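J.: Pasting a structure here, questions to come.
The values are calculated or read from the model by the stated rules, or taken from the named source; none is laboratory data. In this text, all values refer to a predicted model and were calculated from it rather than measured experimentally. Here the Cβ positions follow ideal geometry from the backbone for every residue, glycine too, while neighbour counts run over all protein chains shown.
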Amino acid sequence: METNKNEGATTGPKVFLITGASRGFGKLWAEAFLKRGDKVAATARDIKHLDELVARYGDTVLPIKLDVNNRSESFEAVEKVRAAFGRIDVLINNAGYGLFGAIEETTEQEARDQMETNFFGLLWMSQAILPLMREQKSGHIIQVSSMLGLATLPVLGLYNASKFAVEGLSETLATEVAGFGINVTLIEPNGYSTDWSGASAIRTKENEVYAPLRTAFYGSLTPDAWGKPEATTQAILKLVDAPNPPLRLLLGKVAFPLVKQNYEKRFAEFEEWKDVTDAAHG
């Protein structure tokens, strides 16, 4: 594999490490990379769920059993990929799930579990990959966030919070590692027809006082609000091949208008209260 001597970046087939690769976006994107000749280290909590990828793509797939909540396992996974493929060009932190329920309904354990996987699991993998990417003087860390890391929706409070945390962490990380030739990108999809809101989701025990809110929210979700997962493939291929990838990439036709409206509302409120803001400086 040839490399760019100035930046350490690869110019041939890439090596990917993808968490949560047994279903949804993770599996879809892994197949897209493998079809074009890249190598993929695919992780899952149950390694049997990766058998289909291995059967189809042979030794270009490295299946790894990984629970991202386990920090030591995250570091071990990186070493396994280094031993097998020699390098890692792109890490895609895709493992995560949705917790549906009003904030008042959410138990302590449900809240901690949501943050443990969506935020801390991503943090551990990001920490684990950095020494290798610094050594390579190149790399691309892709964090699967959500449009709900930029704007919120009701009855998804803890999920929103986990993605807001991912946004803050990753924006900061980008400034810390740019000097090492490492890029960071936040992918921010709107809702897609994966099992994120189905088999992979957790739901709180409902409190009837939130029934009207819940009904209104779910009633507002028209069929065309959900994107087709397959439509993201070309966007991801373009992203991983970009010489100067963006810090943020919205996916889906719902994401842009929702985020734009949210930020316009924020700035309008900032302007309305600007006199109070300035006076508070002293």
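J.: Just the residues that are within 18 Å of Arg112 (Cα to Cα), of a type in the set (Gly, Ala, Ser) and touching a helix residue (DSSP H, G or I) at 6+ places or on another chain (Cβ under 6 Å), please, taken from the range 146-160. Lay out the reasoning, then the answer.
T.: Narrowing the range 146-160 to residues within 18 Å of Arg112 (Cα to Cα): 149, 155-160.
Narrowing the set further to residues that are of a type in the set (Gly, Ala, Ser) leaves 149, 157.
Result: Gly149, single match.
J.: Exactly one condition in (1) touching a Lys or Arg at 6+ places or on another chain (Cβ under 9 Å); (2) surrounded by fewer than 19 Cβ atoms within 10 Å (Cβ to Cβ); (3) at pLDDT 95 or above; (4) of a type outside the set (Gly, Ala, Ser) is false for Glu264; which is it?
T.: Of (1) touching a Lys or Arg at 6+ places or on another chain (Cβ under 9 Å); (2) surrounded by fewer than 19 Cβ atoms within 10 Å (Cβ to Cβ); (3) at pLDDT 95 or above; (4) of a type outside the set (Gly, Ala, Ser), only one is false for Glu264: (1).
J.: From (1) more than 16 Å from the chain's Cα centre (by Cα); (2) more than 16 Å from Ile88 (Cβ to Cβ); (3) assigned to a helix (DSSP H, G or I), pick out the condition that doesn't hold for Phe25.
T.: All conditions pass for Phe25, except number (1).
J.: Taking the residues in the range 59-91 that are among the β-branched types (Val, Ile, Thr) and either part of a loop (DSSP other than H, G, I, E, B) or in contact with an Asp or Glu (Cβ under 8 Å, 6 or more places away or on another chain) (or both) as candidates, determine which candidate is surrounded by the fewest Cβ atoms within 10 Å (Cβ to Cβ).
T.: The extreme case among them is Thr60.
J.: Something else: In this structure, is Ile142 over 12 Å from the mean Cα position of the chain (by Cα), crowded, with 21+ Cβ neighbours inside 10 Å, modelled with pLDDT of 95 or more and hydrophobic (A, V, I, L, M, F, W, C)? Walk me through it before giving the result.
T.: Details: over 12 Å from the mean Cα position of the chain (by Cα): no; crowded, with 21+ Cβ neighbours inside 10 Å: yes; modelled with pLDDT of 95 or more: yes; hydrophobic (A, V, I, L, M, F, W, C): yes.
Taking the combined requirement at face value, the residue does not satisfy it.
J.: Do you know which residues across the range 1-21 are polar (S, T, N, Q) and either modelled with pLDDT of 95 or more or in a helix (DSSP H, G or I) (or both)?
T.: Result: Thr19, single match.
J.: Is one or more of the residues making up the range 73-80 under 30 Å from Tyr210 (Cβ atoms) and in contact with a strand residue (DSSP E or B) (Cβ under 6 Å, 6 or more places away or on another chain)? I'd like the intermediate steps shown before the answer.
T.: Quick first cut of the range 73-80, residues under 30 Å from Tyr210 (Cβ atoms) only: none.
No, every residue in the range 73-80 fails to be under 30 Å from Tyr210 (Cβ atoms) and in contact with a strand residue (DSSP E or B) (Cβ under 6 Å, 6 or more places away or on another chain).
J.: Now for a separate question. For the range 145-261, which helices (runs of 4 or more DSSP H) that fit wholly inside it have 3 or more residues that are surrounded by 18 or more Cβ atoms within 10 Å (Cβ to Cβ) and at pLDDT 95 or above?
T.: Qualifying helices (runs of 4 or more DSSP H): 157-177, 233-241.
J.: Oh, and also: Any idea which of (1) closer than 21 Å to Gly121 by Cβ; (2) without any contact (Cβ under 8 Å) to a residue 24 or more places away in the chain; (3) more than 17 Å from the chain's Cα centre (by Cα) is the one Ile202 doesn't satisfy?
T.: (2)
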